[in-house]
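Undergrad: Structure provided below as structure tokens; questions to follow.
The values are calculated or read from the model by the stated rules, or taken from the named source; none is laboratory data. The shown structure was predicted, so the numbers you read here are calculated from the model rather than taken from an experiment. All Cβ positions, even for glycine, are placed from backbone atoms using ideal geometry, and neighbour counts span all protein chains on display.
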Amino acid sequence: MPVAWPMAVYFDASALIQLPHDLANPDLLKLREAAAKVNAGLFMPEVAAEEWIYHHQELVTGEHARLTTASRTIGRYLQRDPLAIEKIQVEDIRVKVREAQLSHLIALGIEVISTPAVPLGQLIRMAIRREKPFEKEDKGFRDALITLTIEAHASIFPGQAILVIANDSVFRSDEVLSKWKQAGVDPTTARSVGEAVISFESKIDVAVKALLDEEEGRVISFLKQHQAEIFAYIVGKVEFSEFFLQGGFGLGAKSAPLLGTIKGVRRARPLEIVRASRAYGTDSRGIPMGRIAVTFDVKVAFDVVTSSLGLGDLIGPRFPLSEWGPESIREAPRSIMTPVESEHTIERDITISATVRQDEGGHLSDLQVERIHAY
């Protein structure tokens, strides 16, 4: 008789792109711990892994290009054009990013599974018939390979359940689910790692789930005893980029991305510890005997001032081209658009990796913050 919980968890790139680049996320770590307790495997199709790596390569090379442009601009003002910055070849960046992202998968125990030898004729027939995951306009080649990779690999878990995490509706279509069922498994899907934790725990053995809840509760209780010093550390020590505060790529954002340019932060107010997990973060190495790693999220409210173009600038008076002379053309850009400043309060979740001492009775003490994942 099949067990109640999934014996295999599969990740699409769309699931991991929602997380920090180093995968230091309490929900992901909690999912890994839950899976480990029931000997469930964590897997990522090769195509999905390559897409996730490529996403971060593009992100970093884009930042490098902006850094180069900014150095030239600053250099011209300082009469040091170009301003000296470390010279890095784009291909070197791509190699290093690839190595780093693969190391994060390995550290979490996510196995990259190879793409099976799929006959070209099978893919052509699926595309012609627009058989899911193929769609109109010849879309779906990547998704088809991921679907077939999971189908082939899941066949080693006959009669068992699998969980597929993908923020892509095509993997929830009846046709795709049917292909996985043909491999002899019972598939369920989740749109995010957080949703996957809920799905996984809804199926996991009651005793195991109770143990996980007890562990998390003990960690959160301990952290709340040190809440004042954690909050003081965040306010006094941590810097955040505008990219993070804007909610770029979903970093820390539980509310809608902020529009406009951030002119300043009036105040940062840590609100509460919202999630915690007793787990070893992907960058934790050499933790001393008697200590364990914990990862937790702190919800912080930021009072920010933004500058943006007002609606009136977009629907305001029109200027007939026939009335413009050379002088008015030069003056128009300054007179048409006027930045508008406004104040907003936004909430962002900040992930913190730390270690604590644990005695034989499970008592926790001596909190040491190792890293705050700020961008």
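Undergrad: Which condition number in (1) more than 21 Å from His363 (Cα to Cα); (2) modelled with pLDDT under 80; (3) hydroxyl-bearing (Ser, Thr, Tyr) is the one that Thr306 fails?
TA: (2)
Undergrad: Go through Ile106, Ile17 for me and flag whichever is in contact with a helix residue (DSSP H, G or I) (Cβ under 7 Å, 6 or more places away or on another chain) and of a type in the set (A, V, I, L, M).
TA: Values: Ile106 fails: in contact with a helix residue (DSSP H, G or I) (Cβ under 7 Å, 6 or more places away or on another chain).
Of the residues listed, the single one that is in contact with a helix residue (DSSP H, G or I) (Cβ under 7 Å, 6 or more places away or on another chain) and of a type in the set (A, V, I, L, M) is Ile17.
Undergrad: Could you list all residues from the stretch 274-298 that are at pLDDT 85 or above and surrounded by fewer than 20 Cβ atoms within 10 Å (Cβ to Cβ)?
TA: Val274, Arg291, Ile292, Ala293
Undergrad: For the stretch 74-89, name all the residues that are assigned to a helix (DSSP H, G or I) and surrounded by 12 or more Cβ atoms within 10 Å (Cβ to Cβ). It would help to see each step written out before you state the result.
TA: Initially, the stretch 74-89 is screened for residues assigned to a helix (DSSP H, G or I), giving 74-78.
Answer for the stretch 74-89, where residues must be assigned to a helix (DSSP H, G or I) and surrounded by 12 or more Cβ atoms within 10 Å (Cβ to Cβ): Ile74, Gly75, Arg76.
Undergrad: Restrict the check to the stretch 42-59 and report whether at least one residue is under 28 Å from Phe244 (Cα atoms), in a loop (DSSP other than H, G, I, E, B) and in the same structural domain as Leu163 (by TED's automatic domain parsing).
TA: Scanning the stretch 42-59, I find no residue that is under 28 Å from Phe244 (Cα atoms), in a loop (DSSP other than H, G, I, E, B) and in the same structural domain as Leu163 (by TED's automatic domain parsing), so the answer is no.
Undergrad: Tell me, which residue of the stretch 141-171 that is charged (D, E, K, R), in a helix (DSSP H, G or I) and modelled with pLDDT under 90 is nearest to Ile198 (Cα to Cα)?
TA: Step one: of the stretch 141-171, the residues charged (D, E, K, R) are 142-143, 151, 168.
Keeping just the survivors that are in a helix (DSSP H, G or I) gives 142-143, 151.
Checking which are modelled with pLDDT under 90 leaves us with 142-143.
Numbers: Arg142: 28, Asp143: 25 Å.
Applying the filter and picking the extreme gives Asp143.
Undergrad: Which of the residues that make up the stretch 1-41 are in contact with an Asp or Glu (Cβ under 8 Å, 6 or more places away or on another chain), in a helix (DSSP H, G or I) and surrounded by 19 or more Cβ atoms within 10 Å (Cβ to Cβ)?
TA: Ala13, Pro26, Lys30, Ala34 - these are the residues of the stretch 1-41 that are in contact with an Asp or Glu (Cβ under 8 Å, 6 or more places away or on another chain), in a helix (DSSP H, G or I) and surrounded by 19 or more Cβ atoms within 10 Å (Cβ to Cβ).
Undergrad: Give the stretch 34-44 a look and list any residue that's modelled with pLDDT under 95 and in contact with a strand residue (DSSP E or B) (Cβ under 7 Å, 6 or more places away or on another chain), or say none.
TA: If the condition is that a residue be modelled with pLDDT under 95 and in contact with a strand residue (DSSP E or B) (Cβ under 7 Å, 6 or more places away or on another chain), then Ala35, Ala40, Gly41 are the ones that fit.
Undergrad: Do we find that Arg94 is touching a residue at least 24 places away in the same chain (Cβ under 8 Å) and more than 22 Å from Ala293 (Cα to Cα) in this structure? Outline the logic, then answer.
TA: Values: touching a residue at least 24 places away in the same chain (Cβ under 8 Å): yes; more than 22 Å from Ala293 (Cα to Cα): yes.
Yes; evaluated as a whole, the condition is true for this residue.
Undergrad: What tally of residues in the stretch 191-214 results from selecting those that are surrounded by 15 or more Cβ atoms within 10 Å (Cβ to Cβ) and either hydroxyl-bearing (Ser, Thr, Tyr) or modelled with pLDDT of 80 or more (or both)?
TA: The total comes to 9.
Undergrad: In the stretch 227-245, how many residues are surrounded by fewer than 17 Cβ atoms within 10 Å (Cβ to Cβ) and outside any helix (DSSP H, G or I)?
TA: Qualifying residue count for the region: 3.
Residues checked against (1) within 28 Å of Glu272 (Cα to Cα); (2) not hydrophobic (A, V, I, L, M, F, W, C):
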site: Leu177; (1), (2): no, no
site: Ala190; (1), (2): yes, no
site: Lys203; (1), (2): no, yes
site: Gln225; (1), (2): yes, yes
site: Val235; (1), (2): yes, no
site: Val238; (1), (2): yes, no
site: Ser241; (1), (2): yes, yes
site: Gln246; (1), (2): yes, yes
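Undergrad: Follow-up. Yes or no: Val97 under 27 Å from Phe141 (Cβ atoms), crowded, with 16+ Cβ neighbours inside 10 Å and in the same structural domain as Ala196 (by TED's automatic domain parsing)?
TA: On the way: under 27 Å from Phe141 (Cβ atoms): yes; crowded, with 16+ Cβ neighbours inside 10 Å: yes; in the same structural domain as Ala196 (by TED's automatic domain parsing): yes.
Criteria met by Val97.
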